[in-house]
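In what follows, a structure is listed as structure tokens, so that the remarks can point back to it.
The values are calculated or read from the model by the stated rules, or taken from the named source; none is laboratory data. Remember, it's a predicted structure, so these values are computed and weren't measured experimentally. Accessible surface is based on the protein model in full, side chains and every heavy atom, while ligands, DNA and RNA are left aside. Shrake-Rupley method; radii C 1.70, N 1.55, O 1.52, S 1.80 Å.
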Amino acid sequence: MALPSVCSEMRVGILLLSVLSLLSARLVGAGQDSGNVIPAESRPCVDCHAFEFMQRALQDLKKTAYNLDTR
């Protein structure tokens, strides 16, 4: 007799958890300000940032190698 009540409690718990997760997802989506979004055309892409970083790192390596060679 205890088994059916445990199953029904689990079903209610799962249903409650599902409803809470859906509500929290809606609240998170509604909380984002759409006025502060920068259009993608004006943002540099991640690849551009990585390329600039690698260029600077290569220049630093060249300077370090030159300094070591001159010593």
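Numbers for the structure displayed
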item	result
Residue 41 vs. criteria modelled with pLDDT of 75 or more, of a type in the set (D, E, K, R) and open to solvent by 70 Å² or more (accessible area, probe 1.4 Å)	no
Residue, modelled with the highest pLDDT, within region 1-38, restricted to residues that are open to solvent by 90 Å² or more (accessible area, probe 1.4 Å) and polar (S, T, N, Q)	36
